[in-house]
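**Q** Right, I'll just put the structure down here and ask away after.
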Amino acid sequence: MTEFGRLSTMSAVHSAAQGESQRDLDFHAHATSTFFMPLLLISFTLLLLVYLRRCQKVNKESSSLRLVPGPPGLPVIGNLHLIGDLPHRSLHQLSLAYGPILRLRLGSVTALVVSSPALARDVFKTNDLALCSRPNLAIWRRLSYGGLEVALSPYSPRWIRARRLLVVHFLAPRQIRGLAALMEEEVRTLMNTVAAAAASGRTVDLSQSLICLVCSIMCRAVFGKRFTQAGECSMKGMIFRTAELLGGFVAGDFFPWAHRWLNAVTGVHGRLERNFKEWDNLFEREIKERERDVTGDGDDGTYAGVLVRLLREEQNINEGGLTRDGVKALLLDLMFGATDTVATTMEWAMAELVRTPRVLARAQEEVRRVAAGKSYVDEGDLLRLSYLHAVVKEILRLHPVAPLMLPHECQQHCKVGGYDVAAGTRIYVNAWSIGRDADAWDKPEEFRPERFEGSSVDYLGQCFELVPFGSGRRICPGISLAQSVMWLTLANLLHSFDWTLPEGVGREDLDMSEVFGLVVSKKEPLVLMTTPAKLL
């Protein structure tokens, strides 16, 4: 056979083999399609039947339950379109239309909103154990070091231990009394700053001054030092960014199945990571500074020092003991939880006082009478200032620390207001709306501290018409600390100075608009004129 013949024969054989191979592939593809298409159809049909069966079961169960009423929702987003820039106000308006308890579908989350004292009692007292947990939100999980701190973490034995440690070592009355000298020193620094502004005829940015004051108190208590000069505050931005992240209505919180994608697309993830690293770098630096003290136990008398000592003592304890991340989580509780909340409350107090000269004059008269002959109001005078206490209560009614309180999550089926609440339901208590309940308060929109004179109503968790700090297992453990700082600061501001609005600004012109976050602050800084008081 010639070479050409051999090549032709080989080519023919190769072509035949290719044709056979292609036929085999076509056959296998056909066989595969013939096998899998029915399988996919059967699987889809089974899944559809399971879904329909589940929907039927849910509808049957729902029909036997008494569910909370609420507004109709839209596909996918539910009632999210009804939540405006100031959610506490949006939800208040919805409560006026649908009642003091309403059911919302926020994305794929079922939520109840409670807006009356009686229903707050059901949440905080009657069903305290069933409703005392927190939802496991991505932002909260990150900032709490995976659920190791107190404010944001779900209810668990670990949470109980963390809260007990926080209260016993840092927030018990004895520990708060131990901060008296430090607080007085920082308040005196504030007084000197205000006096300098008064002497030169300058205005005082009280918003800035108050956040710097509280930051300085907490930095010295927790770390034993300021991070800036007296009267300055480098941590303000970090604290505000945390409040915005924690208090905002973040899309990923309402679509848990898509939270990673949504938080990335909206930029929330990037902001969260940057804010987390700010706090973590600060805490790591301070812990290492105390760990370098190899001769001692790291306890330098500061809150951070106590935690480092406890960490060393518990290093060999079984699982569940204090960890390094646990120390950082508690430091976040102490630094963040006691700063923006307290400063913002005092800011609202001074704003309402200058808008209401009658109340301002009476509060000043009381303080100056109790501290007559003194240049400074000290801790021993504070318990005698009954009208000032009424002013603080009224501020916490009108401008609660967190107007839309951190949500609770139902752990087991219970009833609120006679309605059935299923496990997994998210519960929002609108403290701002409760403070404006016309059945509980006379002329609720007015700033009238006199309403608390002779009244036993307080904010310690037993009076459900005034719940700015919450109640039950989730009540804020830092009430005593917040109260001490507010009383001491406001008393001295009222004692030593007379306050007025800047020239050309009338009481009706003072901007009282809000910026929403975990803590709702004034949109515009509070800038006032002041002159030294003529004391007897």
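**Q** What is the sum of charges, Lys and Arg at +1 and Asp and Glu at -1, for the other residues whose Cβ falls under 11 Å from the Cβ of Ser116? Mind dumping the intermediate values first?
**A** Details: positive: Arg121, Arg436; negative: Asp122, Asp437, Asp439, Glu465.
Net charge in that neighbourhood comes out at -2.
**Q** What is the local net charge at Tyr376, summed over the other residues whose Cβ is closer than 14 Å to its Cβ (Lys, Arg +1; Asp, Glu -1)?
**A** Charge balance near Tyr376 sits at -3.
**Q** Taking the highest mean first, how do the peptides 207-215, 471-479, 278-286 order by number of other beta carbon atoms within 10 angstrom per residue?
**A** 207-215, 471-479, 278-286
**Q** Gain in length, Ser455 to Lys534, computed as 0.36 nm per residue apart minus the alpha-carbon separation, to one decimal in nm? Numbers along the way, then the final one.
**A** Values: separation 79, 0.36 × 79 = 28.44 nm, distance 3.27 nm.
The span from Ser455 to Lys534 would gain 25.2 nm if fully extended.
**Q** With +1 on each Lys and Arg Cβ and -1 on each Asp and Glu Cβ, and nothing else charged, work out how big the dipole of region 138-532 is about its Cα centre, in Debye to the nearest 20.
**A** Working: 47 positive and 51 negative charges, 138 e Å.
With only Lys, Arg, Asp and Glu charged at Cβ, the dipole is about 660 debye.
**Q** Moving on. Round to the nearest 10 and give me the degree value, 0 to 90, for the angle of helix 386-398's Cα axis relative to the longest principal axis of the chain.
**A** It works out to around 20 degrees.
**Q** Once you have the Cα-Cα distance between Ser480 and Phe249, take 0.36 nm times their residue separation minus that, and quote the gain in nm to one decimal.
**A** Going from the current span to full extension adds 80.2 nm.
**Q** Now for a different question. Considering the options Gly424, Ser496, Ala390, tell which one lies farthest towards the positive end of the dipole of the chain, charges being +1 on Lys and Arg and -1 on Asp and Glu at the Cβ, about the Cα centre.
**A** Among Gly424, Ser496, Ala390, the one farthest towards the positive end of the dipole of the chain is Gly424.
**Q** In addition: Specify the inter-centroid distance of region 431-491 and region 91-134, based on alpha-carbon positions, in whole Å.
**A** Distance between centres, Cα-based: 19 Å.
**Q** If I take R0 = 35 Å and measure r between the Cβ atoms of Thr203 and Val167 in this structure, what FRET efficiency does the formula 1/(1 + (r/R0)^6) give, to the nearest 0.05?
**A** Rounded to the nearest 0.05, the efficiency is 0.30.
**Q** Compute the angle between helix 268-291 and the longest alpha-carbon principal axis of the chain, please, reported from 0 to 90 degrees and rounded to the nearest 10.
**A** Tilt relative to the chain: about 60 degrees.
**Q** Moving on to the next point. With a cut-off of 14 Å, note down the residues of region 92-113 whose backbone N falls inside the zone around a label point 7 Å from the Cα of Trp261 toward its beta carbon.
**A** No residue qualifies, since no backbone N sits under 14 Å from the label point.
**Q** OK, next. Kindly state, to the nearest 0.05, the FRET efficiency for Asp378 paired with Ser64, given R0 = 60 Å and r defined as their beta-carbon distance.
**A** About 0.45, to the nearest 0.05.
**Q** Within region 138-532, what is the number of lysine pairs with alpha carbons under 18 Å apart, leaving out pairs fewer than eight places apart on the same chain?
**A** Here the count comes out as 10.
**Q** Which entry in (i) 147; (ii) 260; (iii) 212 is this structure's computed volume of the Cα convex hull per residue in Å³?
**A** Correct label is (ii).
**Q** Okay, moving on. Return one number: the angle in degrees, 0 to 90 and rounded to the nearest 10, between the long axis of the Cα atoms of helix 357-370 and the longest principal axis of the Cα atoms of the chain.
**A** 60
No value in this document is a laboratory result; all are computed from the given coordinates. The structure displayed is predicted, hence computed values, not measured ones. Cβ atoms come from the backbone with ideal geometry, glycine included; neighbour counts cover every protein chain shown.
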